[in-house]
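Here's the structure we're looking at; comments come further down.
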Amino acid sequence: MRRTGASSAHDCETAGSGQRALWLSLGLSSATVMSGVWSEAAKAQFRPAPVHINTGSTATSKGQPVTFQADHVSYDDHAGVVTWTGNVQVWQVDHVLRADKITYDRNTGIIAATGNVASSQPDGSVLFSHYAELTGDMHEGIMTQVHAILPADNAKLAANGLRRTSGKINDLTRAVYTACEICAEHPTRAPFWQLRAYDATQDLEHQRIDFRDTYMDILGIPVFYTPFFSMTDPSAKRRSGFLMVGVTPHDRYLGTYFTIPYYWVIDDSSDITLQALIATKTGPQISALYRKELNFGSLRVRGGLAYDTHRQSGYTNDFGEQVGAQSDHGIQGYIFAKGSFSLTHAWRAGFDARLATSANYMRDYRIPGYGGDTLNSNVYVEGFGTGAYSKLDAQYYQGLNRGVIRNNELPFVLPHYEYGFNSQPDPLGGRLTVNSNDFYVYRSQGTRDQRAEVQVNWNRPFRNSWGQKFLVTARLDSMLYHASRLYQQPNYYQYYKSTTAGQVVPTLAVKMNWPFVRRFMKGHGSQILEPIAQAIYAPNQGGGADRRLPNEDSLNYEFTDTTLFALNRYQGTDRIDGGLRANVGVHGNWTWNGHVVDVLAGESFQEHVQRDRIPYSGLNHHLSDVVARARVDATRYFGVTGRVRIDPHTGRVDFADALFNLSLPHFSLNGGYVREPITPYYYYVNDFRNGGSPTSLYYAPTNELSGGVSTTWTNWHASFFARRALSRHEFATLGGDVGYMNDCLGLDLMYLKQYTEIGGQRRYSTVLLTLSLKTIGAFGMK
């Protein structure tokens, strides 16, 4: 006999015995009916025309005829009984009854079915039984030795007997329910888990199944008892009702707390989930998630309101600054709302609002988003065209880490406009692109500035008979600014008036790739050796401070293998790489029998050296640092990638990182390493431009090692991961997970420890135990 799958086979080996008669009936009778009754009758000698009987039912199918069809028909006119035998089918609208033999009593209107009885229901479920008596409209009746295959998630329901009332209520005695596979080889064995009840009621109208005197069996062994258990019928897509109660024995800020969620189906396109949180260490919270689907978009709103009794005192941050206490107790709340709406086929609008009364409130009640630096909000309208894109939006930021970020220094962007256009190839073979990125940035404490920008870029690729590939680029960046308070962050200029300034920066570049290709190993291997050279010229713009140009988007400068041939190595366009410079590199690739070795090395030569560049940028001399990258795929199971930047003048490694991955059928291992002489995050924390220097935290080296290991074996899985700062001699993150999952049950145990300190506080470890039963729900303990 064919097994039903790996999970089922595993259950066959491990499941114990229990409820043998019912599940044996389910396994054997289902196979018989599905292979015999549902197929065409192989021995049928003729197919009589359907017989229609109008029952005059007052039930759901009122006035609809009942149709009978069978291989053989006999009539007893004296008794008023019609008997059908051989692949009998009876149907009325969406009710179908099949059996080996069916009798219909015209006097009572009763249909009696015996032998492989199967009844298809309007909801898609199928009832199997040994014997059934039903009224002509099949809305009233009884069945014996019943088992049902429900229409969702392989759910099954069995009972010694069933009584149907009004086509809406099924009362069952000695009921058993499971969503696990029944072992095909040993159908007498109990499934992995099952609910076993003295009796049960299936309410088809309200889509619920209520069990009474119920046991939960695992591998045939009772492990839990409840006098009453109610669940949503698996055939229901959405139904109002209480969800699983959550219990957490201990939390640093909440103590022992309970969550009681309720799901409310408002209509076909909207619902809301309400949740009450009751804790022993602080006040209660009520939260809600509202969802709405529209013909032209969607809406999601999540929010909460709580009475937080915690009062946190001030603390000293990493910079030695005293951070005072804030008003983070009493009535607190948050709202996260997101919507997207199609206006036309080319335009849409939307918003994403994320606001909270305080970061400590988010910490206390475990609000999603805590741990990040900011909560970001925006509203936008955007359009899409052929080769074009346009977007107008406004942005707002709320700081969550008072030790580093002050809310009064965060900007409002009101508004921000972005435009991009990419043309088709012109008669010269080139392609024109036009971009614009305009904004108005407002800060209550800090620089306020407006920018209007137009960037025009033209690229023309071509190649010659020697196989050299060229790319000619002509670009023009033009920006106009109006700014005030340039003496404040993030610019810190020695200028105390408003200013209007601009810049126009033309850039010309020619890049040449010259690939040499050869085959080896009789054509099964290939080698590419590709010298690359690039010449770029743009006016030397310097740092921009002498021209009173504000800087919003070019605070970070990156010189690595990924930006070796970039026209501008700043992240934005407020600062443009200028001067005459040349970039050279060599790219090599070897591929054979599934093995790959890919390397790139190069450096930059520049006429102008900007001494005020960020330290350790790699471009502090005419001859830059050497950047290199190597990727080795030794087999399809193992690969490693490494990058490095080395100062040729001192031999110092200014940057290095590496990643590797080992992936075997049942085991995987990955790891990473990053090293940098500084911690770039702290460069712009304070004003060091007036003879000072960056904070000492900036000069703390970055030296981190991370890794993870995971394994899967049949239904088991386990993983472990860690990230450790070697220079600080402490872990950043540590965690693991172990679990079991088969076709109907999932058990998972997770551990997580985060060492990051936010707001002067650090959370304890988190342990999460989750039990998932298919079609019933998930039980969790934190």
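The values are calculated or read from the model by the stated rules, or taken from the named source; none is laboratory data. Here the structure is a predicted model, which means the values were calculated and not measured. Reconstructed Cβ throughout: ideal geometry from the backbone, glycine too, with neighbour counts over all protein chains shown.
Among the residues of region 92-125, how many are under 50 Å from the mean Cα position of the chain (by Cα) and crowded, with 18+ Cβ neighbours inside 10 Å?
Restricting attention to region 92-125, the residues satisfying the condition of being under 50 Å from the mean Cα position of the chain (by Cα) are 92-99, 115-125.
Checking the rest, the ones that are also crowded, with 18+ Cβ neighbours inside 10 Å come to 92, 95, 97-99, 116-119, 121, 125.
Looking only at that region, the number is 11.
Out of curiosity, is residue 225 loosely packed, with under 15 Cβ neighbours inside 10 Å, in contact with a Leu (Cβ under 6 Å, 6 or more places away or on another chain) and closer than 25 Å to residue 746 by Cβ? First the steps, then the outcome.
Working: loosely packed, with under 15 Cβ neighbours inside 10 Å: yes; in contact with a Leu (Cβ under 6 Å, 6 or more places away or on another chain): no; closer than 25 Å to residue 746 by Cβ: yes.
For residue 225, the condition - loosely packed, with under 15 Cβ neighbours inside 10 Å, in contact with a Leu (Cβ under 6 Å, 6 or more places away or on another chain) and closer than 25 Å to residue 746 by Cβ - is not met.
Would you check if residue 546 is on the phi < 0 side of the Ramachandran plot and touching a residue at least 12 places away in the same chain (Cβ under 8 Å)? Please lay out each step first, then the result.
Details: on the phi < 0 side of the Ramachandran plot: yes; touching a residue at least 12 places away in the same chain (Cβ under 8 Å): no.
No, not satisfied.
State the number of residues belonging to region 474-528 that are free of Cβ contacts under 8 Å to residues at least 24 places away in the same chain, at negative phi and in a loop (DSSP other than H, G, I, E, B).
Qualifying residue count for the region: 4.
Given the conditions (1) farther than 26 Å from residue 291 by Cα; (2) touching a residue at least 24 places away in the same chain (Cβ under 8 Å), which single one is not true for residue 325?
(2)
Considering only region 654-667, state which residues are in contact (Cβ under 8 Å) with a residue 24 or more places away in the chain and outside any loop (DSSP other than H, G, I, E, B).
Kept after step one, since they are in contact (Cβ under 8 Å) with a residue 24 or more places away in the chain, are these residues of region 654-667: 654-655, 662-664, 666-667.
Within region 654-667, 654, 655, 662, 663, 664, 667 qualify.
Hey, can you tell me all the residues within region 421-435 that are surrounded by fewer than 16 Cβ atoms within 10 Å (Cβ to Cβ), on the phi < 0 side of the Ramachandran plot and either in contact with a His (Cβ under 8 Å, 6 or more places away or on another chain) or not aliphatic (A, V, I, L, M) (or both)?
Residues satisfying the conditions are 422, 423, 424, 425, 426, 427, 433.
What pairs can you find where one residue is in region 217-237 and closer than 24 Å to residue 152 by Cβ, the other is part of a loop (DSSP other than H, G, I, E, B) and among the acidic types (Asp, Glu), and their Cβ atoms are less than 6 Å apart, with a gap of 6+ or different chains?
Qualifying pairs under 6 Å: 234/153; 235/123.
Residues of region 549-571 being within 22 Å of residue 482 (Cβ to Cβ), of a type outside the set (A, V, I, L, M) and modelled with pLDDT of 90 or more, which ones?
Correct list: 550, 551, 552, 553.
Name the single residue, out of those in region 364-386 being of a type in the set (A, V, I, L, M) and crowded, with 16+ Cβ neighbours inside 10 Å, that is modelled with the highest pLDDT.
Kept after step one, since they are of a type in the set (A, V, I, L, M), are these residues of region 364-386: 367, 375, 379, 381.
Going one step further and asking which of them are crowded, with 16+ Cβ neighbours inside 10 Å, we end up with 367, 375, 379.
Numbers: 367: 93, 375: 94, 379: 98.
Only one residue tops the list, namely 379.
Suppose we filter 331, 266 for residues that are of a type in the set (Val, Ile, Thr) and under 26 Å from the mean Cα position of the chain (by Cα); which single one remains?
On the way: 331 fails: under 26 Å from the mean Cα position of the chain (by Cα).
Result: 266 is the single residue among 331, 266 that is of a type in the set (Val, Ile, Thr) and under 26 Å from the mean Cα position of the chain (by Cα).
Please list, ordered by residue number, the strands (runs of 3 or more DSSP E) wholly in region 153-241 having 3 or more residues that are more than 22 Å from residue 141 (Cβ to Cβ). Show your work before the answer.
Numbers: elements: 156-165, 169-178, 193-203, 208-218, 221-232.
Ranges flagged: 193-203, 208-218, 221-232.
Given the conditions (1) touching an Asp or Glu at 6+ places or on another chain (Cβ under 9 Å); (2) over 30 Å from residue 377 (Cα atoms); (3) aromatic (Phe, Trp, Tyr), report the number of the one that residue 466 does not fulfil.
(1)
Pick from region 695-752 the residues that are under 21 Å from residue 218 (Cβ atoms) and β-branched (Val, Ile, Thr): which of them is surrounded by the fewest Cβ atoms within 10 Å (Cβ to Cβ)?
714
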